[in-house]
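Below: the structure, in structure tokens.
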2 protein chains.
Amino acid sequence: MSRTAAGGLRPLEVADVTLAEGFWGRRQRTNRRATIPHVHEMLKRSGAIPALRMNWRPGQKHKPHPFFDSDLAKWLEGACYALATGPDADLARKVNGVVALLAGAQRPDGYLNTYISQVAPDRRWTNLRDLHELYCAGHLIEAGVAHHQATGATSLLNVVRRYADLIADTFGPGPGRRRGYPGHEEIELALIRLYRATGERRYLSLAGYFVDARGRRPHFFDAEARARGEDPAAVRRGREYWQAHLPVRQQDRPVGHAVRGLYLYSAMADLAGETGDAELLAACRRIWEVLVGRQMYVTGGVGPARDNEGFTADYDLPDDTAYAETCAGIALALWARRMANLTADGRYADVMERALYNGVLSGVSLDGERFFYDNPLAVHPARHDSWHGAPHRQEWFGCACCPTNVVRMIASVGALAYAARDDILCIHLYAAGEARAEIAGVGVLVRQETEYPWDGRVAITVQPDRPVTFDLLLRVPGWCRGHRIAVNGRAVAGRPVRGYARLRRRWQDGDVVDLTFEMPVERIAAHPKVSHNVGRVALQRGPIVYCVEQADHAADVHSILLPHRARLTPRFEPRLLGGAVILRGSALAVPAAGWKGRLYRPDPAATPKRTALRAIPYCLWANRTPGPMTVWIPQV
Amino acid sequence: MSRTAAGGLRPLEVADVTLAEGFWGRRQRTNRRATIPHVHEMLKRSGAIPALRMNWRPGQKHKPHPFFDSDLAKWLEGACYALATGPDADLARKVNGVVALLAGAQRPDGYLNTYISQVAPDRRWTNLRDLHELYCAGHLIEAGVAHHQATGATSLLNVVRRYADLIADTFGPGPGRRRGYPGHEEIELALIRLYRATGERRYLSLAGYFVDARGRRPHFFDAEARARGEDPAAVRRGREYWQAHLPVRQQDRPVGHAVRGLYLYSAMADLAGETGDAELLAACRRIWEVLVGRQMYVTGGVGPARDNEGFTADYDLPDDTAYAETCAGIALALWARRMANLTADGRYADVMERALYNGVLSGVSLDGERFFYDNPLAVHPARHDSWHGAPHRQEWFGCACCPTNVVRMIASVGALAYAARDDILCIHLYAAGEARAEIAGVGVLVRQETEYPWDGRVAITVQPDRPVTFDLLLRVPGWCRGHRIAVNGRAVAGRPVRGYARLRRRWQDGDVVDLTFEMPVERIAAHPKVSHNVGRVALQRGPIVYCVEQADHAADVHSILLPHRARLTPRFEPRLLGGAVILRGSALAVPAAGWKGRLYRPDPAATPKRTALRAIPYCLWANRTPGPMTVWIPQV
């Protein structure tokens, strides 16, 4: 049902990709078996599912919260992806239950918001800036499309279409319509997705309206505030917080709340893809260059500041106070996927990969039932200022955006690995499993066998329904400094095209492409303007960024110094942390003994001592005894 | 009028010490000429002085604030110290004006609080925890004593005695008295000071009551909250914030709001001195060891956290987010002075000196009219989360505690340098100037001639009214690893006694003691549990801690690496920053060129380049173009 984005690659749908036993396959299994039921249970306990019964009364517990519907919708979207990739009767029952409740919660006119309808019915559409109405609507729409694609049913799709129709009847540039746009973006990309699923152009138009109305003068948030009897100047935050300081086509850097920004930029990319709007694409590129070139953690985390949950200044990337919200990492991956498909430029998939393997995956525990909201790159022994508590994951949050975003991201990660267009099949990411797409009019199955990212070898078997000529675009990761390709055992060069190796041939059933990416352990330096990291290195192997965690060390991890010449040896350890490549080597540690109660003394007073260093993947930290951790290690 | 503390040294009064041209003399001149008039003007503009007219009505501007009287009182105290050390007709007029207003603001029953009386008259004594009533009272009492000592007048002393009498009639353990103690300590040490100035023992008893009532069960703050109809459990902060979690004699570490804690510990030391209470002194020693051994910045700054303006965990000393409030550094110096006099142990004066020369003095600009509230040890290019703004001092704050505390600290710093007892004269600090004390029944004048801290030589001339035998205790700073002493040109050893050299002799008029402290540039390491500072060093020479500031460097200061063997040369530069010893040397800087828009890349990719390093005293930073700064420098 997907339409081909103008000029770009078409994403595959979740149902088109099945992951096998492997890095992501195991994560998806945990997502299905543990995370999805856990989150469902927490949505019941927190009140998000009970709120759908629409019988809350003032004074009762579980007062509906403005975010409830979005949390629920993201879980539902992820649950539908899980259904799309494997039958699951129990999950289907849960999904059906929630869909029925949603249908029942819809107002006769199509409106569907459990918070507004039950807590503040007189405030409908009165505060788009703060009340998250259109944000929740967007997530409901995404869930409706996912439900339809997973099950073929139209029950929820019809619900969200009625809601989208109400919104389209309410907002827009036309006569008798309300002006405005939301404080938290999401409706924009959701409407484009609904357009793609239904072919209904009014949804695309409305998305375009919401995107382009943003930041124009006179300023909607001011008018809206005045209409509520409030002083527009009394608002604490600057308009950058909502990316509403300028019309989006004039924006040139990421600002404000990170998730909001990244959802907006995603919608801008989608619009550019649908309409060929070069100006929107150029704005995306400008913002991207600043974000990725000056404001992204090595883990792919973005948005360093707690205060605005978002962006700050170039090169402001402190480790221990890094906010780097899990949702922001996910949103970056979603935007990067769009940019990758729009441009077929490997730099975008590089960032998608970096975020997914590191700053996104760190957001969920190995057992799938605990979550990080923020993802610092260092935890010091006394982490006193954490908003969300000690350095261990939590089972839930008052603001539960991250766990539900993890559900839908991991359930759909397979689809992020591929894209297609006409006579092109593109592999952005390497993951054991198979994908089906129609290429040049022929159904093609591709199967990846690989232990990536632990091993740099990938065997790709191509199985067209009949022999067919097309381009196979294989991403050569930006971190990789040496790779080999063989087709049916014979070395080929592949034509390098902006981060991809292009193999054009008449593909026969059973053709095998063997890829080998060299994966040495690399010491990564940050630009020296990242002032917190001068004199330090991060360790990376393949797409995996490492950290040193207290659980592996007798010496305080922050007292460890890495000699320039120390050799670091990777080894796969099947029984550690679910099976992972660990880096081992010999480092130095500043001894804590001999200080006799003193806090300061002349240096050098003690010679650092040899200590064994063991680095684990950052995404796996905090799965054992909680304790200090650091990604960046002083180098001596 | 001062009484001798039992078992310890007696502090000198401000009027007994006159500073000459020298490090502190120049600062005191700026304090008199610039800071005192500036702060007076700001107290007028902010409303603290207008509030004394007691004619504010709801709806008018300059609504009195709970802190107003304390700010005013600290200025007044400092202004009186200035009058005590030099005639100043204009200042005397200002002081008289404020004293007259204070007398007029006193209620018939002796009560004196501009906020409560004008804004919330029904709340008198209803919220000792939050409303700062007894805190303001304490500062007024200190001002009253200072005014009396400076001028001989009793006008303000009588006002504050009437207020103290009202408080003593209101609070205490006796029948018909209210129980309780303040959320912000200060009244305790003020009452002891008033006792010393008047001989009235009820003030000492009440101070003892306030100190010992603290933290006992049932908990006063709970009872007080219930009496206001509030739920005691609804308070956001734990009782540690107010040092009210335990009776003070059971406390063993610094907790909560730093200034509050340090004023409490100061009062505990005073009580121990007055009463010989070994248990209180032991509690002080326990708390001190933790604070100085695990929780103090190398600048003498304390209280790293913004959230509670106070203490956190051992070794939690992040540089760039350091709060290290100016007032907390001052409060540490005040407590250290008490501990030094109580014990005659040089370790306490070492801390007093460290705080005064570094984290206290950094709180005020060289021109005396700008102030830091918090004193970070590093400023990164993107300092986005500062509560008090960019890395430059401000002329005033909504909460104006620091500027007024600076006024009284600098005006009285000379008195901190000396102490006496029976046949002992003790010099804690070296500063050009002279002091007069009665030793063994004889008036003795001592004069210091020195360029300390820029130079380690101090010439001390002793001028007794007639020859007299006494011990001259000369502090040998803890930072000093080599010193020489000569009396009248002949080398002497001096008997080392806990950080002091004791010279006992029959002193004749004109005896000269020549002290020479070796002052090499030292690289200081922090205990490796200070995890932010591993692999870094601070530079110190004498008591002065250095920093590198952007204004002196073309390379980003945070990209500078200090080679282990780099030689650092001190040189006095008379025209820089009012005249200061600057450290120069050759260091390395990681070049920012060649990154081509990348944020991360494999290391090593660039060789650090030679760069000239210039370190300035930390206390002098931010007196030129605002920019990044760091105290701790990575060492390679």
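The values are calculated or read from the model by the stated rules, or taken from the named source; none is laboratory data. This structure is a prediction, so every number in the text was calculated from the model and none was measured. In this analysis, Cβ positions are derived from the backbone assuming ideal geometry, glycine residues included, and neighbour counts consider all displayed protein chains. Accessible surface areas use protein heavy atoms only, side chains included; no ligands, DNA or RNA. Shrake-Rupley method; radii C 1.70, N 1.55, O 1.52, S 1.80 Å.
How many Å³ per residue does the convex hull of the Cα positions in the protein assembly as shown occupy? Please list the in-between numbers first.
Details: hull volume 224.3 nm³, N = 1272.
Per-residue hull volume (Cα only) is 176 Å³.
Evaluate 2.2 N^0.38 Å with N set to the residue count of region A:458-507, then give the Cα radius of gyration divided by it. Can you show the working numbers first?
Values: Rg = 11.5 Å, N = 50, 2.2 N^0.38 = 9.7 Å.
Region A:458-507 yields a ratio of 1.18.
Give me the residues in region B:585-622 whose solvent-accessible area, probe 1.4 Å, is reduced by at least 50 Å² once all protein chains are included instead of the chain isolated.
Buried on complex formation: B:595, B:599, B:600, B:602, B:603.
Residue by residue, what Karplus-based ³J(HN,Hα) values in Hz, rounded to whole numbers, does region A:585-598 have, using 6.51, -1.76 and 1.60 with θ = phi - 60° and x for Gly and Pro?
In residue order, the calculated couplings are x, 10, 10, 10, 9, 6, x, 8, 7, x, 8, 6, x, 7 Hz.
Based on alpha-carbon positions alone, could you give the equivalent ellipsoid semi-axes of region A:414-536 from the gyration tensor, as √(5λ), descending, whole Å?
Details: eigenvalues 195, 44, 34 Å².
Values for region A:414-536, descending: 31, 15, 13 Å.
Grab every C-alpha pair in region A:280-393, bin the distances at 5 angstrom width from 0 up to the longest one, and report whole percents.
For region A:280-393, the pair-distance distribution reads 2, 13, 22, 24, 19, 11, 6, 3, 1, 0.
For region A:172-295, count all C-alpha to C-alpha pairs, find those more than 18 Å apart, and express that count as a whole percent of the total. Mind dumping the intermediate values first?
Working: 4025 of 7626 pairs.
Of the Cα pairs, 53 percent sit more than 18 Å apart.
Which number do you get for Rg(Cα) / (2.2 N^0.38 Å) in region A:37-139? Present the calculation step by step, with values, prior to reporting the outcome.
Numbers: Rg = 13.8 Å, N = 103, 2.2 N^0.38 = 12.8 Å.
My calculation over the Cα atoms of region A:37-139 gives 1.08.
When the dipole is taken about the Cα centre of the protein assembly as shown, and only Lys, Arg (+1) and Asp, Glu (-1) are charged at their Cβ, what size is it in debye, to the nearest 20?
Dipole of the protein assembly as shown, to the nearest 20 debye: 1000 debye.
Working from the alpha-carbon coordinates of region A:521-634, get Rg over Rh, Rh being the Kirkwood radius. Walk me through the numbers on the way to the answer.
Working: Rg = 14.9 Å, Rh = 15.1 Å.
Result for region A:521-634 is an Rg/Rh of 0.99.
Kindly identify residues of region B:538-558 having a loss of at least 20 Å² in accessible area between the isolated chain and the assembly of all protein chains, probe radius 1.4 Å.
The answer is B:556, B:558 - residues whose exposure falls by at least 20 Å² when every protein chain is included.
How many times 2.2 N^0.38 Å is the alpha carbon radius of gyration of region B:47-235?
Cα Rg divided by the expected 2.2 N^0.38 Å: 1.04.
Using θ = phi - 60° and the Karplus relation 6.51 cos²θ - 1.76 cosθ + 1.60, list the HN-Hα couplings for region B:345-362 in order, rounded to whole Hz, with x at every Gly or Pro.
Listing the rounded values in order: 9, x, 4, 6, 5, 4, 6, 4, 5, 4, 5, 4, 6, 10, x, 7, 5, 4 Hz.
As I understand it, the dipole of chain B uses +1 on the Cβ of Lys and Arg and -1 on the Cβ of Asp and Glu, about the Cα centre. Which of B:371, B:221, B:298 lies farthest toward its positive end?
Of the candidates, B:298 comes out farthest on the positive side.
Over region A:277-319, what number does the Rg to Rh ratio reach, with both radii from the alpha-carbon atoms and Rh per Kirkwood? Provide the component values of the computation, followed by the final result.
Details: Rg = 11.7 Å, Rh = 11.1 Å.
Value, to two decimals: 1.05.
What whole-number value in Å² describes the accessible area per residue of the protein assembly as shown for a 1.4 Å probe?
Working: 43920 Å² over 1272 residues.
Normalised by residue count, the accessible surface of the protein assembly as shown is 35 Å².
Going toward the positive end of the dipole of region A:422-517, with +1 on Lys and Arg Cβ and -1 on Asp and Glu Cβ, which of A:433, A:467, A:483 do you reach last?
A:483
Rounded to a whole number, what % of the accessible area of the protein assembly as shown do carbon and sulfur atoms account for, probe 1.4 Å?
Details: 21530 of 43920 Å².
Carbon and sulfur together cover 49 percent of it.
Under 8 Å for C-alpha pairs, at least 6 residues apart: give me the relative contact order for region A:121-232, rounded to a whole percent. All intermediate terms of the calculation are to be shown ahead of the outcome.
Working: 135 pairs, mean separation 32.1, N = 112.
Worked out over region A:121-232, it gives 29 percent.
For the pair B and A, how large is the buried accessible area, both sides, in square angstrom to the nearest 100, if the probe is 1.4 Å?
Numbers: alone 24000 and 24010 Å², together 43920 Å².
Summing both sides, the interface buries roughly 4100 Å².
Out of residues 5 or more away from residue A:501 or on other chains, whose amide H comes under 5 Å of its own, with H placed 1.01 Å from N in the peptide plane?
A:474, A:475, A:476
Anything losing 30 Å² or more of accessible area from the isolated chain to the full protein assembly: pick those residues out of region B:283-317, probe 1.4 Å, ligands and DNA/RNA ignored.
SASA drop of 30 Å² or more in region B:283-317: B:293, B:316.
Work out the P(r) tail for chain A: percent of alpha carbon pairs separated by more than 39 Å, whole number.
30
Only Cα pairs under 8 Å and at least 6 apart count here; give the relative contact order of region B:47-235 as a rounded whole percent.
Values: 268 pairs, mean separation 38.9, N = 189.
Value for region B:47-235: 21 percent.
Sequence gap at least 6, Cα distance under 8 Å: using those rules, report the relative contact order of region A:521-634 to the nearest whole percent.
Values: 206 pairs, mean separation 40.7, N = 114.
That works out to 36 percent.
Ignoring solvent entirely, what values of log10 I(q)/I(0) come out of the Debye formula for region B:149-223 at 0.14 Å⁻¹ when each Cα is a single scatterer?
The calculated log intensity ratios at q = 0.14 Å⁻¹ are -0.46.
Work out which GluC sites (Glu not before Pro) in chain B are exposed loop sites (DSSP not H, G, I, E or B, at most 14 other Cβ within 10 Å) and give the longest gap free of them. Provide the component values of the computation, followed by the final result.
Details: sites that count: B:21, B:230, B:395, B:518.
After excluding every exposed loop site, the longest remaining stretch is B:22-229.
Filter the trypsin sites (Lys or Arg not before Pro) in region B:508-573 down to the DSSP loop ones having no more than 10 other Cβ atoms within 10 Å, then list what survives.
Working: sites: B:523, B:529, B:536, B:541, B:565, B:567, B:571; in loops: B:529, B:565, B:567.
Qualifying residues, ordered by number: B:565, B:567.
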